[in-house]
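Engineer: Below is the structure I would like to discuss, written out as structure tokens.
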Amino acid sequence: MLKIPNVQKLFSTAASLVSITAIFCSQPVLAASFKPTPLIIDDDGSQDGMTALAYMLANPKFDVQAITIAQGIARPESFVNNLERMLGRLNASGIPVGIGRSTPLAGNNTFPEFIRTGADTFWSPFVQLPDTAPPIVTRPAAELIVEKVKQSLAPVAILATGSLTNIAEALRLDPTIINNIAIIEIMGGAVFVPGNLPVLPDPPFSTNTTAEFNIWVDPLAAQEVFAAGGQGLKIQLTPLDATNQIAFSRADQQAWLATATPESKLAAEFLDFALTIIQSNNDPNPAWDLVAAINLSEPDFSVETPLYLEVDTTSDPGGTQGQTRAISNLPPNVLVSLNPSFNNLPFRPGQVFSYLQTQSVPEPTSIAGILLLATVSAGMMARRSQKKV
């Protein structure tokens, strides 16, 4: 039997540790490690973009403040209805959603209809959504981005995995948001590798060998965002150079399914669609936007190379329009991921979601983390001891 004074001593120890932890956590670097980063996710309604969204919703390092839908694969005005049901399935209906414009800032580049149909049907029957879901609050995308960035007490991260139309419009609406954006992680471009438009057999896609889809769909928007990189916006780019090196297999899909969290099961359904339909049951499959999300979450995933990038906005869409060109001898405006590897991380592709479950309690990698865990342990010991009194 444990005596009451010993219980009091444990609580006294815990209280002291809490005080010491508070002192250490008052330091900005340590405090930041214990507080999720506010995050805005901007996607164009792709299945790999929805996989990245599921990953970030499950990621304890981030607090998703808003989701905005860019024109691209999705038709923003109608896609929001399916997104509402997805968020309902994941019990995340409290997140506001921004609806972007239906056209690029300039020109009329667009995905072919047969690709956009997947977003219209939300990749049914592979992906299962509830018939109804709690209603979500919607706003114009650019306005929502500006509002969330301006109102945030901490600098906001943005994950942009579609066309950059919404981001460019937000910067036009209020350029000062740059001051409260910690980083924008962009999936897009092809810097030192060929583009991916020629996966489609007809012009202008088949004849444009340099551009990547997200940039090509709205090259003016991309150029304006990259230009903001020279004005203080911290941009981290995950181009095809990086995503070409990472792929996910049927074994990974089964591992995500076995992880059995709401987010991992949904991601497994998206990957099932990709492996079965896009890859015709041939392993593996790239998940471009998920690679960008992991790059944002895990700093060790890839070394970043500082480059000055500009976008070809004037050539013919079937020529080199949308190409991301690295220009030497100019100050860098983008940090570019060129060589990501799971060898740099403590988990494998099949463990992308299960690893997140191990991150729900701060790791004791700092003095504050060790003290915090000690505090929790002391409290648990005290509670167990009280049961024996």
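The values are calculated or read from the model by the stated rules, or taken from the named source; none is laboratory data. The structure presented is a predicted model; accordingly, all values stated were derived computationally and were not measured. Backbone-built Cβ (ideal geometry, glycine too); neighbour counts: all protein chains shown. Surface areas here come from the heavy atoms of the whole protein model, side chains and all, with no ligands, DNA or RNA. Shrake-Rupley method; radii C 1.70, N 1.55, O 1.52, S 1.80 Å.
Engineer: Can you list the residues, at least 5 places off or on another chain, whose amide H is less than 5 Å from the amide H of A70, using H built in the peptide plane?
Structural biologist: D43, D44, G45
Engineer: Here's another thing I want to ask about it. Rounded to whole Hz and in sequence order, give me ³J(HN,Hα) for the stretch 92-98 from the Karplus expression 6.51 cos²θ - 1.76 cosθ + 1.60, θ = phi - 60°, writing x for Gly and Pro.
Structural biologist: So the Karplus estimates, Gly and Pro as x, are 10, 6, x, 8, x, 10, x Hz.
Engineer: Amide H of T210: which non-local residues (sequence gap of 5 or more, or other chain) have their own amide H closer than 5 Å, using H built in the peptide plane?
Structural biologist: Amide H to amide H, under 5 Å and 5 or more residues apart or across chains, T210 pairs with G195.
Engineer: Mind listing the phi-derived Karplus ³J(HN,Hα) values for the stretch 231-246, rounded to whole Hz, using 6.51, -1.76 and 1.60 with θ = phi - 60°, and x for any glycine or proline?
Structural biologist: Karplus-based 3J(HN,Hα) across the stretch 231-246 equals 10, x, 6, 7, 10, 10, 10, 10, x, 4, 3, 8, 5, 5, 9, 10 Hz.
Engineer: Hey, how many Å between the Cα centroid of the stretch 108-179 and the Cα centroid of the stretch 222-236?
Structural biologist: That distance is 19 Å.
Engineer: Moving on. Report, by chain and number, residues whose modeled amide H sits under 5 Å from the one on T37, excluding near sequence neighbours (fewer than 5 apart, same chain).
Structural biologist: Those lying under 5 Å, H to H, from T37 are F62, D63.
Engineer: Then there is this: Ranking request for peptides 339-347, 144-152: highest mean number of other beta-carbon atoms within 10 Å first, then the rest in descending order.
Structural biologist: Top to bottom by mean Cβ count within 10 Å: 144-152, 339-347.
Engineer: Subtract the Cα-Cα distance of A251 and Q357 from 0.36 nm times their separation in residues, and report this length gain in nm to one decimal.
Structural biologist: Answer, rounded to one decimal: 36.2 nm.
Engineer: On to the next question. Can you work out the Karplus-derived ³J(HN,Hα) for every residue in the stretch 50-55? Use 6.51 cos²θ - 1.76 cosθ + 1.60 with θ = phi - 60°, whole Hz, and x for glycine or proline.
Structural biologist: Per-residue couplings from phi come out as 5, 5, 4, 4, 4, 4 Hz.
Engineer: Spin-label point model (7 Å from Cα, Cβ direction): what's the N282 to V303 distance in nm?
Structural biologist: Distance between label points: 3.3 nm.
Engineer: Further question: Enter the accessible area of R348 (Å², nearest 10), with the probe set to 1.4 Å and all protein chains included.
Structural biologist: Accessible area, nearest 10 Å²: 110 Å².
Engineer: More than 21 Å apart: what percent of Cα pairs in the stretch 89-164 qualify?
Structural biologist: Working: 1352 of 2850 pairs.
Taking all Cα-Cα pairs of the stretch 89-164, the fraction more than 21 Å apart is 47 percent.
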